[in-house]
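One structure is given here, and the rest of the page talks about it.
Rule-based calculations on the coordinates, nothing more; no lab input. Fair warning: this is a prediction, and the values are worked out from it, not measured in the lab. Heads up, the Cβs are rebuilt from the backbone with ideal geometry, glycines too, and the neighbour counts pull from every protein chain shown.
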Amino acid sequence: MSSPLDYYLTELHTLNAIGKRREKFYKKLVGSRFIDLLWHLPSQLSFRRLIESVHEVPESGLITMEATVELHQPGMRKRSPYRIWMRDSKNNQFELLFFNAYDRFLQRVAPEGRKIAISGQLKCEKNFDAVRYQMSHPDFMGAVTEIGQWIGPERVYGLTSGLTRSMVASVIDQVLKSARPLPEWIGDCTFPSFLSALRKVHRPESYEDLSYADLARQRLIFDEYLAYHLGMALSTRRPREQSIRASSHIPKLASQLEQLLPFELTGAQKKTIAELRDDMHSGQQMVRLLQGDVGSGKTMVAVMTACDMADLGMQTAILVPTEILSRQHGSKIGKMLEPLGLNVAVLTGREKGKTRKAIIESIQSGEIDIVIGTHALLEESVTFKNLGFVVIDEQHRFGVEQRLALSSKSKSAHILSMTATPIPRTLVLANHGDMDVSILDEKPLGRKTIQTRVISVDRLDEIVEQIKVVMGKGRQVYWVCPLIEESEKSDFAAAVARYEMLTQIFGDKVELVHGKMKGPQKDAAMERFLKGEATLLVSTTVIEVGVDVPQATVMVIEHAQRFGLAQLHQLRGRVGRNDIQSFCLLLYGQPLSFQARKRLETMRDCHDGFKIAEEDLRLRGGGEIIGTKQSGVPKFRLSDLVEDDPKDAAVLENLFAKAHKMANDILEKDPDLSSEQGMALRQLLILFEKDNAVLLRKSG
Ligand code: ADP
Ligand code: MG
C-alpha cells in the first residue's frame, strides 16, 4: 500500500474527473500533483442567495431558485447553444443556455412542465427596453427538495479557462476526502495539524476564515516558510570548509593591475577588496554577497580578487547569466589581464566541438587562470585543476542549485555572489540567511545623475530629432523594445519593426540584437556597438544586465510601463557610465493606468536602487508580478510576503521569522534531519519541492 505521503504526490490525471482531457487546465492552474491542487486556496467567498423572482437577482448574480421548465429548444446549428425556457414562480420568463449540451441528460433532469431547483450565475441583459435574464451552465440543477444545499456561503477559487468553479471545488473535496494525516513536523499545539488545516481552509464560512488571522491558514503558510528556510539553510549553510589560506600573501598581480588601471579605485571598492582579503586570510571558506547599484564597479572587485587567487596559482570561475555578458566580460577582463600574463577564456553553449574541447582541456590543465561562462560552465565535463574562487555575477538570475553546482567543482573554493538588485531589508534574511554581505555604496567619481523623462510615444518624431543631435556628437544610444506578451512568437517583431524604421533615418549606424538571433550574428552586432561603429542599438531586453558601453549616454525604453521598476533601473544603468550627462527616456503608450504612471514617475524622480526596489514592492502590492524575479522576492504559494495591509504584513513577518528560527534550531540539533521530527520534515520538504536541498547536502 502506498504511504500517506505518496497520496499527496499522486498525479491529478489519475482522477476520473480530470483524466488526460482536463489535465492541461489543471497544470496551468496549479500544477500536476494532488498537493498542488490542495495548495490552491479559496480566494473569496460568495453567497448563493435564494430568490423567488429573477427581478430579485443580487449584484453578484449568484442565485438559487425554483422554476418551471417551459420549453426545450435544441441548438439549430452546430455552434448555437441548447436553450431551455424557464418561468419563475412570479411568472417571469428566463433562459438557461448550454453549449455542447448532452440533450438526454438535460431532458432527464429538466423535463418540460416540471418544477425544478437551479443554482448558478444569473445574468441580466438590457437591450434597449427589453430585459432578458439568462443563466449559462447552471452549477446545479435538480429536485426542489435539494434546494437547501445550494444556499449560503460558498468558496471561490481562482480559475483558468476550461475549468469551472464547481469542477475545481468538487475535485478538491474528493482529494481531501481520502487524504490521510502525515507525521507532525511542527509539534506546536497552537496550530491545527497539517491535514485538518487543509480541510479547514477549503471550508471557509466567513470572511474571517479567509484572512491571515485564520489559524489553519497560518499553519499552512508557516509550513511553507519552514520548508523554504530549511531548503535555504540546507543548501547554503554547508559547514564552511577549511579553505585556501592566504595568510602570508602580499598581493602582487592585483597591485600591478591597480597601477595599470586608467582610474583610481573608489573608496568602496578598496574597502570591499580589503574585506574579501580578510576572509581569505581567515583560513575559512568565504561565502559573501556583494551588493552594489548598477555601475558601481563590481566587476573590478571580482577581478582584483581573482588576481590574488592567481598569485597563489589558483583558478577563478565567473558565472554570468547571458551569452552577451560572457563575451563582454571575456574581452574586457582579457584585455585588462593580458599585460599581467594571465589567461582568460570564455565558455558558453556556443563553444562547440574542437574549440570547446580545447577550452575544457586548458581549464583542466590549469593553463587558464580565469574562465567566464554561462550555464555551460556547470556541466560535468568541466573540471578544474585548482579552482579557488567562484564568482556568481547577477546572482539573482541563478537558482540555488546552479550556484551550488559551480561551487561543488571545488569543495573549498571561496564564493562571491554579486548583485545590483537591491534586496529590501526584510528579505535579506530570506535569501541570504548565512552569507556575509559587502556593499558598494559609492559610484566612480564624476558620474552624473541620469536625467530621466517620461514621454508619450506620440512624440516619437521629437525623440528621433534629439537622438540625431546626440549621435552627431559621437555618443551612443540604446533603444529597448519590450517583449510583447500576447504572442511569444512575435516578441522580437516590435524590435525588428523599430529597427527598420530607424534604419530608414540613420542607415548603417543602427544595429539590432534580440533573443532569436543566431549567436555569431548577435556577437557581430554587439561588437559593432561596443567598438562604436554602430551608434544606435535596438534590442529587446537581452541587454538588460551587465552590458557596459561607456560611450552610450541615451537609453530609450518603449512601453516602459510594462517593465518592473527594478528592471527599468537595470536598463537605465546601462548609461551614465562616464562623466558625460546621460538621459533615459521612458516612452509610454496609452492607455496608461494611474498605477503605471505613478511607477514611471518614481523612476523619473528616484535614482537609488534601494529605494526603487522598496517602492516597487509597495506599489506592486500582491497584484502585479512583473519584475518579481528581478526584485529577488521569493515567491510563495500560500501567501505573498509583501502585503499592503500592515496587519497582514505583521502576521506574515512574524510567521516568517518564527519559521526561520525553527529551521535553525532544528538543524542545530539534527543537521541531517534523521530524528523522528527530522524524518517528518523531509516529507514537508518533498511536499514543497525543496527536497533537492537535502540531496545536494548529501552529495556536497
Ligand atoms: P556593475 O557594478 O554594474 O557591474 P561594472 O563593473 O560594469 O559595474 O562597472 C561599470 C563601469 O565603471 C565599467 O566601465 C568599469 O570599467 C568602470 N569602473 C569601475 N570602477 C571604476 C572606478 N573606480 N573609476 C572609474 N570607472 C570605474
Ligand atoms: Mg556587472
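Work out the P(r) tail for region 10-102: percent of alpha carbon pairs separated by more than 19 Å, whole number.
Considering region 10-102, 63 percent of its Cα-Cα pairs are separated by more than 19 Å.
Set the bar at 20 Å for Cα to Cα. Now go through Lys270/Lys298; Lys473/Lys522; Lys271/Lys443 and name every pair that lies beyond it.
From Lys270/Lys298; Lys473/Lys522; Lys271/Lys443, over 20 Å: Lys473/Lys522.
Note the full-extension length gain between Lys468 and Thr190 as 0.36 nm times their separation in residues minus their Cα-Cα distance, in nm to one decimal.
Contour length minus Cα-Cα distance gives 93.3 nm.
Which one, Val168, Ala596, Ile273, projects farthest toward the positive side of the charge dipole computed for the chain from Cβ point charges (K/R +1, D/E -1)?
Comparing the listed Cα positions along the dipole, Val168 ranks first.
Mind checking the dipole of the chain: about its Cα centre, +1 per Lys or Arg Cβ, -1 per Asp or Glu Cβ, Debye to the nearest 20?
Using Cβ point charges on Lys, Arg, Asp and Glu, the chain gives about 1400 debye.
Taking R0 as 35 Å, what FRET efficiency do you get between Lys357 and Thr449 from their Cβ-Cβ distance, rounded to the nearest 0.05?
For Lys357 and Thr449, the calculated efficiency is 0.10.
Listed here are the pairs Lys385/Lys409; Lys357/Lys411; Lys332/Lys531; Lys468/Lys509; which of them are more than 19 Å apart at the Cα?
Lys357/Lys411
Modelling each spin label as a point 7 Å along the Cα-to-Cβ direction, I'd like the Gln590/Ser166 distance in nm, to one decimal.
4.4
Given H placed 1.01 Å from N in the peptide plane, which residues other than close sequence neighbours of Leu182 have an amide H under 5 Å from its amide H?
Leu195
Please list, ordered by chain and number, the residues whose modelled amide H lies under 5 Å from the amide H of Leu289; skip anything fewer than 5 residues away on the same chain.
Ser417, Asp436, Val437, Ser438
In region 83-119, whose amide N lies under 18 Å from the spot 7 Å out along Cα-to-Cβ of Thr68? List them in ranges.
84-96, 110-118
Taking θ as phi - 60°, what are the ³J(HN,Hα) couplings along region 298-304 by the Karplus curve (6.51, -1.76, 1.60), each to the nearest whole Hz, with x for Gly and Pro?
The phi angles translate into 5, 4, 4, 4, 5, 5, 4 Hz.
Between Glu367 and Arg108, what FRET efficiency follows from the Cβ-Cβ distance if R0 is 60 Å, with the result rounded to 0.05?
That pair, Glu367 with Arg108, gives E of 0.15.
Please list, ordered by chain and number, the residues whose modelled amide H lies under 5 Å from the amide H of Ala552; skip anything fewer than 5 residues away on the same chain.
Long-range HN contacts for Ala552: Gln476.
Tell me, what HN-Hα J-couplings in whole Hz come from the Karplus equation 6.51 cos²θ - 1.76 cosθ + 1.60 at θ = phi - 60° for each residue of region 449-456, using x for Gly and Pro?
So the Karplus estimates, Gly and Pro as x, are 4, 6, 6, 10, 10, 9, 9, 6 Hz.
PRE reach from Asp665 (point 7 Å along Cα→Cβ): which of region 199-222 fall under 17 Å by backbone N?
Those under the cut-off are 219, 222.
When you count, for each residue, the other Cβ atoms within 10 Å and take the mean per peptide, how do 88-94, 570-576 rank with the highest first?
Packing proxy ranking, top to bottom: 570-576, 88-94.
Subtract the Cα-Cα distance of Ser412 and Val131 from 0.36 nm times their separation in residues, and report this length gain in nm to one decimal.
Working: separation 281, 0.36 × 281 = 101.16 nm, distance 7.63 nm.
That pair, Ser412 and Val131, stretches by 93.5 nm at full extension.
Calculate log10 I(q)/I(0) of the chain for q = 0.07, 0.11 Å⁻¹, where I(q) comes from the Debye formula with a single equal point scatterer on each Cα and nothing for solvent.
Normalising to I(0) and taking log10 leaves -0.62, -1.23.
Each residue of region 125-136 in order: what ³J(HN,Hα) in whole Hz does its phi give by Karplus 6.51 cos²θ - 1.76 cosθ + 1.60, θ = phi - 60°, with x for Gly and Pro?
Listing the rounded values in order: 10, 9, 10, 6, 8, 7, 10, 10, 10, 9, 10, 9 Hz.
At what distance in nm do the modelled label points of Glu601 and Glu264 sit from each other, each positioned 7 Å from its Cα along Cα→Cβ?
Going from the Glu601 label point to the Glu264 one covers 4.1 nm.
May I ask you to order 128-139, 677-688 by the average number of other C-beta atoms within 10 Å around their residues, highest value first?
677-688, 128-139
Could you rank the peptides 347-353, 503-509 by their average count of other C-beta atoms within 10 Å per residue, with the highest value first?
347-353, 503-509
Given a Förster radius of 22 Å and the C-beta distance between Ala650 and Ser43 as r, what FRET efficiency does 1/(1 + (r/R0)^6) yield to the nearest 0.05?
0.55
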